[in-house]
Amino acid sequence: MSRKNKPKSTATGRKNGRGEMTSRFYGLPIPGYKDEEVGGSLIVLEGTDGSGRSTQITLLTEWLESQGFAVQTMGLRRSYLVAEDIDDLLANNAVTRMTLALMYATDFYDQLEHRILPALRSGMVVLADRYIYTLIARGVVRGIDREYMHGLYQMALRPHLTFWLNVRPEVAFEREFRKSHAISYWESGRDMSLSSDLFRSFIRYQSMVKKEFETLGRRHTFVPVDGGRSVPEVNQEVRERIAAHLGIRSTRYRPSGALAAAWR
Amino acid sequence: MNVWEALVNPLPTMQAEEEAPSLPAPQLLKTDGTRPYPGALIVVEGIDGSGKSTQLYLLKRWLEIGGYRLHFTEWNSSELVKSATKRGKQSRLLTPVTFSLLHAADFADRCERQILPLLQGGYLVLADRYIYTAFARDTARGCSPEWLRNLYRFAPLPDLTFYFRAPLEVAVNRILSGRPKLKYYEAGMDLGLSFDRAESFRVFQGMIMSEYDRMAEGDNFVVMDGTQQVNKLQKKMREIAGERVDLKHFRPKEKGRAERASRP
């Protein structure tokens, strides 16, 4: 582990809030990995579509790098192995819920093994734009057994911090619409036949996912963040928590010119 | 704001969550020996070269010639994961976990779109390899058996499982004499058992066989001696199939014109 970038906080994963010994993995470790080899920090940003995650990840990456931390990012559908295949499946709507859930699991574990674990081993900070919680929530709202989904992600790493950017579905709708001037098939959960009205379908689907996040948040101690506020306000709150975790003294930050447009 | 509330509140759609069939169900309904569908599932398992495919082929021919309503399915990669599997194998990036998940995704597709609907439609489904192949092979690769059992919880349990067992040397020599070029993953080279492919294959098959042996009792395998003469073994297989599965249920009705018309 590079000394320079080593997070100063006590390596969590040793003890949880109640002082019990816990593993870095939820259940069993990935075959071939030992708990003690996993260093670094894993920080997750979760939230529904339009909750502002990606913007915050971009800003946080810049801030952390300016503080001298090496950052690796991950997200959904970014694996070498199956990202393209999932894109194809989604484009063709020719996939059943179970298959899709398992393809996403493959995508997740491929990134975990080939991107996240190597990064954590070399002491980097990993920022995850969505994590297993989105995948669990999506499966559960589609009628896949909750414990099945949790069992599937037994070999996932426990994050050090999980922020939940909580926004109301109607705010999410406005943001998504502003972004792409249309609402996508999957963002509105149209595979679930909730409503033939796209807007209603979006609101219902996102509300169901949000409800599932609330359940997950109780189980996995999310840090809830009001995502309805401005980008600088949300960033400030998240930054302070991360600074405390990594032992960064100053939380002052102004985005560079390249990112100034996101700062409003 | 009231407009929004009116739209968000008629959310009792969320109660549909409980009514919607939750997915890993078929196995759970099985505890009392009954199935939630009129079809039946017969599977063969065993290591490569144990004679299982030949025997299932002969059973299938017997039933086909008799005009039984049946469908044959194999544990093969379908179009769905072909490109991903190819990509992973070429670059040797598949790990025990992603290897396992890709096969599970592929099987889920076959299960949801083929096996389960056929069972619901009253077909006799014959499967050359089934979930026990994944349990044996992926456990040998280092995956946790509990994780695997959960992963395949959506699969309907077989009504009858034949386990073809031949001494390791016999089975391995059958394969090695006929197919000198073993593929990397097929030979279990990813496990680092030996630099020699044939030797690696031998050891890997031995590990898989131990896993099959371990499952034989708990999963109600009917153990078949793969060294017996082909026709004698087939006679025995047909007898057992007749005893354990209500085959007449799948036989064509002599006079039923409607029945005949509905057959493909």
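The values are calculated or read from the model by the stated rules, or taken from the named source; none is laboratory data. This one's a predicted model, so the numbers in the text were calculated from it and none came from an experiment. FYI the Cβ positions are ideal-geometry reconstructions off the backbone, even for glycines, and counts take in every protein chain you see. All accessible areas refer to the heavy atoms of the entire protein, side chains included, with ligands and DNA or RNA removed. Shrake-Rupley method; radii C 1.70, N 1.55, O 1.52, S 1.80 Å.
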Inset, instruction - Could you grab me the full set of residues in region A:145-193 that are within 29 Å of residue A:40 (Cβ to Cβ), more than 10 Å from every other protein chain (Cβ to nearest Cβ), in contact with a Phe, Trp or Tyr (Cβ under 7 Å, 6 or more places away or on another chain) and of a type in the set (S, T, N, Q)? - result: A:162
Legend entry - Failed condition for residue A:123, given (1) closer than 26 Å to residue A:254 by Cα; (2) buried (at least 24 other Cβ atoms within 10 Å of the Cβ); (3) of a type outside the set (D, E, K, R): (2)
Legend entry - Qualifying positions in region A:69-120 - assigned to a helix (DSSP H, G or I), of a type in the set (A, V, I, L, M) and open to solvent by 10 Å² or more (accessible area, probe 1.4 Å): A:83, A:89, A:90, A:91, A:100, A:101
Legend entry - Residues that are of a type in the set (D, E, K, R) and touching a residue at least 60 places away in the same chain (Cβ under 8 Å), drawn from region B:144-185: B:153, B:159, B:165, B:174, B:183
Inset, instruction - Can you give me the number of residues within region A:128-172 that are charged (D, E, K, R) and part of a loop (DSSP other than H, G, I, E, B)? - result: 5
Legend entry - Options A:217, A:189; residue that is free of Cβ contacts under 8 Å to residues at least 60 places away in the same chain and under 21 Å from residue A:96 (Cβ atoms): A:189
Inset, instruction - Determine if region A:226-241 includes at least one residue that is within 30 Å of residue A:146 (Cα to Cα), open to solvent by less than 20 Å² (accessible area, probe 1.4 Å) and within 14 Å of chain B (Cβ to nearest Cβ). - result: no
Legend entry - Condition broken by residue A:244, with the remaining ones in (1) small (Gly, Ala, Ser); (2) in a helix (DSSP H, G or I); (3) open to solvent by less than 70 Å² (accessible area, probe 1.4 Å) satisfied: (3)
Inset, instruction - Examine region B:96-106 for a residue that is surrounded by fewer than 18 Cβ atoms within 10 Å (Cβ to Cβ) and either within 16 Å of residue B:125 (Cα to Cα) or not polar (S, T, N, Q) (or both), and state whether such a residue exists. - result: no
Legend entry - residue A:53 being over 17 Å from residue A:164 (Cβ atoms) and more than 9 Å from chain B (Cβ to nearest Cβ): no
Inset, instruction - Find the residue count for region B:243-256, including only residues that are without any contact (Cβ under 8 Å) to a residue 24 or more places away in the chain and open to solvent by 90 Å² or more (accessible area, probe 1.4 Å). - result: 5
